[in-house]
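Participant: Below is the structure I would like to discuss, written out as structure tokens.
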Amino acid sequence: MRVLMTGGGTSGHVNPALAIAETIKLNINGSEIAFVGTPHGIENKLVPRAGYKLYHVDVKGFSRSLSPSNIKAAYLAAVSPHRAKKIIREFMPDVVIGTGGYVCWPILKAASDMKIHTILHESNAYPGVAVKMLSGRAEKILLNFAETEKYLKCPKDKLVVVGNPLRSGFAPNGDSKASKLRAGIDPDKYDKMILSYGGSMGAQRVNEAVLAMMRDFTSKHPEILHILAVGAIEYKDATEMFRAYGLDKFDNLKLLEYIYDMPEKMAAADLIICRAGAMTMSEVAAMRKPAIFIPSPNVTENHQYKNAKVFEDAGAGIIIEERELTGGEPLTSRAAELLSDRARLDAMGNAAGQFAVADSNRRILSEIKRTVLG
């Protein structure tokens, strides 16, 4: 089977595509897989690193406000399917699978026009613009949330709830010491570990709050390893702040641009501080980890807060809204409270596990086979 994957801009779109590609590769002998992304998205780091060929289409998203940039976005939306058809003719896929982001539009439109099988996967409860635009063209739309159905104007028989695809390694491991060793962390040196990240492109308010927390709390606790991934856009400014606070002098504080070995790092973590995007929530659930969620306020229908509220109501996490952050508070006090209560951390992790969909990859593979092979 020849498969052309597309989805880009952020890791929330790229990682589901990589997970689906990995599932196909492991289960369909002789499969050939390539990706299509934008010239500047995170896919340019993640896809080649995973060993796949990456094509490019120049396309950009529309601004929510009136903006001159929308003129260019409209032009690219109109001309990019022509470039997409060239890629499709070169690769000759049996199926094109999109996982969201504006790059999906030209590729799936072109594939639909060329009578090639098309499948979409939507991770979020509220579908993105590209998925809504393509819902009438795709043969099948795979959903993480059943409630997404009400937002899509298409025949209901093409909608299938399958959960979120996850890359290999996202599975619970109850042995904290062994998990730390596998991640290259000395469990005798570090009694606990905090893993903090705000998304592949960064989140300024989250980074600033965590850096203040490092300055005021974890720098004073050498037994706690604290890792912060700040994202590509914020990396320069965050690095300057990290050094200005003198945090580079502490062995237990680590600043990264991006976490490439996320399953290993999450397995070793005792507490996670993160946004509340659909893929992040699925990974937290799969790993059965306690988390402090700082939902992004800059998303459609405030869906990250709604995601996190489900976890908080089940005792699986704590929400701190971005508008509540002042320096390192209340993040520092909430984290310190949790880290001092092992029983509560364990209970939160167990509660998170109830939201894991263990067979989502199998479900997705079945739908791909059914669509392409009949």
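Participant: Can you quote the Å³ per residue value for the convex hull of the Cα atoms in segment 309-367, rounded to an integer?
Facilitator: Values: hull volume 6.8 nm³, N = 59.
Value for segment 309-367: 115 Å³ per residue.
Participant: Could you tell me what percent of the accessible area of segment 282-374 is made up of carbon and sulfur, with a 1.4 Å probe and every protein chain present?
Facilitator: Working: 1970 of 4180 Å².
Solvent-exposed carbon and sulfur of segment 282-374 make up 47 percent of the total.
Participant: While we're looking at this one, here's another question. Give me the 1.4 Å probe accessible area per residue for the chain, excluding ligands and nucleic acids, in Å².
Facilitator: Per-residue accessible area for the chain comes out at 43 Å².
Participant: Give me P(r) over segment 268-374, computed from all C-alpha to C-alpha distances, binned every 5 Å, as integer percentages.
Facilitator: 2, 12, 21, 20, 17, 11, 6, 5, 3, 2, 1, 0
Participant: Expressed in whole Å with the largest first, what are the equivalent ellipsoid semi-axes of segment 86-216 derived from the C-alpha gyration tensor as the square root of 5 times each eigenvalue?
Facilitator: On the way: eigenvalues 305, 65, 54 Å².
Computed over segment 86-216, the values are 39, 18, 16 Å.
Participant: For segment 133-213, which whole-number percentage of the solvent-accessible area (1.4 Å probe, protein heavy atoms only) is attributable to carbon and sulfur atoms?
Facilitator: Values: 1760 of 3600 Å².
With neighbouring chains kept in place, the figure for segment 133-213 is 49 percent.
Participant: Cα gyration tensor of segment 75-163, axes a ≥ b ≥ c as square roots of the eigenvalues: rounded (a/c below 1.5), prolate (a/b > b/c) or oblate?
Facilitator: prolate
Participant: Leaving ligands, DNA and RNA out of it, rank Tyr258, Tyr102 by accessible area with a 1.4 Å probe, largest first. Please report the intermediate quantities before stating the final value.
Facilitator: On the way: Tyr258 40, Tyr102 95 Å².
Listed by decreasing accessible area, they come as Tyr102, Tyr258.
Participant: What percent do you get for the relative contact order of the chain when only Cα pairs under 8 Å and 6+ apart count?
Facilitator: 15 percent.
Participant: Identify which of Thr38, Thr118, Thr148 has the largest mean-square fluctuation in a Gaussian network model of the chain, with springs joining Cα atoms closer than 10 Å.
Facilitator: Per the Cα network of the chain with a 10 Å cutoff, Thr148 tops the list.
Participant: Mind checking which of Thr280, Thr332, Thr300 has the largest fluctuation in a GNM of the chain, springs on alpha carbons under 10 Å?
Facilitator: In the Gaussian network model the winner is Thr300.
Participant: Also, quick follow-up: Using the Cα centre of the chain as the reference point, and only Cβ charges (+1 on K/R, -1 on D/E), how large is the resulting charge dipole? Debye, rounded to the nearest 20. Walk me through the numbers before you get to the answer.
Facilitator: Working: 48 positive and 41 negative charges, 284 e Å.
Charge dipole of the chain: 1360 debye, to the nearest 20.
Participant: What's the longest uninterrupted piece of the chain once you rule out the trypsin sites (Lys or Arg not before Pro) that are loop residues per DSSP with at most 14 other Cβ within 10 Å?
Facilitator: Details: sites that count: Arg64, Lys115, Lys153, Lys189.
Here the longest segment lacking exposed loop sites spans 190-374.
Participant: Multiply the residue separation of Asp191 and Arg89 by 0.36 nm, subtract the distance between their alpha-carbon atoms, and state the gained length in nm to one decimal.
Facilitator: Numbers: separation 102, 0.36 × 102 = 36.72 nm, distance 5.49 nm.
Computed gain between Asp191 and Arg89 is 31.2 nm.
Participant: First select every other residue whose beta carbon is under 13 angstrom from the beta carbon of Glu43; then total the charges, Lys and Arg +1, Asp and Glu -1. Walk me through the intermediate numbers first.
Facilitator: Working: positive: Lys45, Arg49, Lys53; negative: none.
It works out to a net charge of +3.
Participant: Using +1 at the Cβ of each Lys and Arg and -1 at the Cβ of each Asp and Glu in the chain, identify which of Met214, Asn252, Phe293 lies farthest towards the dipole's positive end.
Facilitator: Going by the Cα projections, it comes out as Phe293.
Participant: Separate question: Could you work out, for segment 130-201, what percent of all Cα-Cα pairs fall into each 10 Å distance bin, beginning at 0 Å and stopping at the bin that holds the largest distance?
Facilitator: Percent of pairs per bin, in order: 15, 29, 20, 17, 16, 3.
Participant: Per residue of the chain, what 222 nm ellipticity follows from adding -39500 (n - 2.57) for every DSSP H run with n ≥ 4, rounded to the nearest 500?
Facilitator: On the way: 14 runs with 156 residues, N = 374.
Mean residue ellipticity, 222 nm, calculated: -12500 deg cm²/dmol.
Participant: How would segment 187-317 be classified by its alpha-carbon gyration tensor: rounded, prolate or oblate, with rounded meaning a/c under 1.5 and the a/b versus b/c comparison settling the rest?
Facilitator: Values: a/c = 1.92, a/b = 1.31, b/c = 1.46.
Judged from the Cα gyration tensor, segment 187-317 comes out oblate (a/c at least 1.5, b/c at or above a/b).
Participant: Name the residue farthest towards the positive end of the dipole of the chain from the options Leu120, Ala19, Gln204, assuming +1 on Cβ of Lys and Arg, -1 on Cβ of Asp and Glu, about the Cα centre.
Facilitator: Checked the options; the winner is Leu120.
Participant: Select from Ile272, Ile364, Gly353 the residue farthest towards the positive end of the dipole of segment 230-374; place +1 on Cβ of Lys and Arg, -1 on Cβ of Asp and Glu, and compute about the Cα centre.
Facilitator: Ile364
Participant: Let me ask another. About the Cα centre of segment 268-374, how large is the charge dipole given +1 on each Lys and Arg Cβ and -1 on each Asp and Glu Cβ? Please answer in debye to the nearest 20. Mind showing how you got there, number by number?
Facilitator: Details: 13 positive and 14 negative charges, 110 e Å.
The calculated dipole for segment 268-374 is roughly 520 debye.
Participant: Say R0 is 22 Å: what FRET efficiency, to the nearest 0.05, do Lys309 and Ala146 get from their beta-carbon distance?
Facilitator: 0.80
Participant: Further question: Hey, got the dipole for segment 253-307? About the Cα centre, +1 on K and R Cβ, -1 on D and E Cβ, debye to the nearest 20? It would help to have the intermediate numbers written out before the result.
Facilitator: On the way: 6 positive and 6 negative charges, 30 e Å.
So the magnitude is around 140 debye.
Participant: Between beta-carbons, use under 12 Å as the cut-off and find the net charge around Asp251, counting Lys and Arg +1, Asp and Glu -1.
Facilitator: Working: positive: Lys189, Lys249, Lys254; negative: Asp186, Glu223, Asp248.
Net charge in that neighbourhood comes out at 0.
Participant: How large is the convex hull of the C-alpha atoms of the chain per residue, in Å³?
Facilitator: Values: hull volume 50.4 nm³, N = 374.
Roughly 135 Å³ of hull volume per residue.
The values are calculated or read from the model by the stated rules, or taken from the named source; none is laboratory data. This is a predicted model, so every value here is computed, not measured. All Cβ positions, glycine included, derive from the backbone under ideal geometry; neighbour counts span all protein chains shown. When the accessible area is computed, the model is the full protein with side chains, heavy atoms only, and any ligands, DNA or RNA have been set aside. Shrake-Rupley method; radii C 1.70, N 1.55, O 1.52, S 1.80 Å.
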